[in-house]
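One structure is given here, and the rest of the page talks about it.
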Amino acid sequence: MIRTIVTGTDTDVGKTVFAAGLSQALKASYWKPAQAGLDGETDSQAVARLAPEARVLPEAYRLNTPCSPHEAARVDGVAIDDAALSLPQVDGPLVVEGAGGVLVPYREDLLAADLFAKWNLPAIVVARTALGTISHTLLSIEALRARDIAVTGVAFMGDAEPVAEGAITRIGQVAHLGRLPRLDPLDAGTLAAAFAANIRMDLLA
Ligand SMILES: Nc1ncnc2c1ncn2[C@@H]1O[C@H](COP(=O)(O)OP(=O)(O)O)[C@@H](O)[C@H]1O
Ligand SMILES: [Mg+2]
């Protein structure tokens, strides 16, 4: 049964879209521990829209400011508490989407990767294919492995860039989980079809 973290090299790389595709394919529970920024569609709302068969769990923290959770919590006068960030107890598959990248602070003494290590789940790294991705992705993998977090593989988002994708998988000694092209329109139907056609579910188990 798949229980995984979906993290990424950065914010806006496509973690939510990938997590939605995965949650729909698995009919999984989806959990966003801390949502920073409540204007517009939240990640949980995007997953509910893009993954109609996912079960979207409530966030532990809903913070108003679209920035690092540690700062968003400070602005709202909220204390981020380890116990509230415990992994939800659910039966069946679970997809957890981290905020931003691997070393984003939830508190100054609690980075995203520290939480991942406590949860003891493997991580999928979502990476752009665009220029700059090699270093960002290898850095993310190193930071995860430094904390003994298993890296299931890298899921790429964007146009095919075989040189960058190949460099990452070989240098990082990491599985290539597939690549989602830019979808237009992006909706539950196009995402499910692209996910089934392009993502190596066999490597996730
Ligand atoms: N494969 C894709 N096709 C079309 N739009 C995409 C795709 N992946 C991501 N996007 C769009 O890019 C933006 C950032 O993606 P998102 O999944 O929210 O990133 P993250 O969760 O890493 O911040 C969103 O507006 C999302 O709809
Ligand atoms: Mg997101």
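Readers should treat all values here as calculations from the given coordinates under stated rules, not as data from a laboratory. Here the structure is a predicted model, which is why all the values come from computation and not from measurement. Here the Cβ positions follow ideal geometry from the backbone for every residue, glycine too, while neighbour counts run over all protein chains shown.
Among the criteria (1) outside any loop (DSSP other than H, G, I, E, B); (2) within 12 Å of ligand 2 (Cβ to nearest atom), the one A72 does not fulfil is (2).
Mind listing just one residue for me: the one in the range 55-69 that is among the hydrophobic types (A, V, I, L, M, F, W, C) and closer than 19 Å to M1 by Cβ and, of those, nearest to ligand 2 (Cβ to nearest atom)? If you could, list the steps in order and put the result at the bottom.
Filtering the range 55-69 down to residues among the hydrophobic types (A, V, I, L, M, F, W, C) leaves 56-57, 60, 63, 67.
With closer than 19 Å to M1 by Cβ added as a condition, the list becomes 56-57.
Details: V56: 13, L57: 15 Å.
The qualifying residue nearest to ligand 2 (Cβ to nearest atom) is V56.
In the range 131-142 there is at least one residue that is β-branched (V, I, T), away from ligand 1 (no atom under 16 Å from the Cβ) and closer than 13 Å to V6 by Cα.
Here is a yes/no grid of residues against (1) closer than 22 Å to L203 by Cα; (2) surrounded by fewer than 22 Cβ atoms within 10 Å (Cβ to Cβ); (3) away from ligand 1 (no atom under 12 Å from the Cβ); (4) among the hydroxyl-bearing types (S, T, Y):
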| residue | (1), (2), (3), (4) |
| --- | --- |
| V6 | yes, no, no, no |
| T11 | no, yes, no, yes |
| F18 | yes, no, no, no |
| G21 | yes, no, no, no |
| G40 | no, yes, no, no |
| A48 | no, yes, yes, no |
| L57 | no, yes, yes, no |
| E71 | no, yes, yes, no |
| A79 | no, yes, yes, no |
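When the range 16-54 is filtered for residues that are near ligand 2 (Cβ under 10 Å from one of its atoms), under 19 Å from A196 (Cβ atoms) and not hydroxyl-bearing (S, T, Y), the ones remaining, listed by number, are V17, F18, A19, A20, V47.
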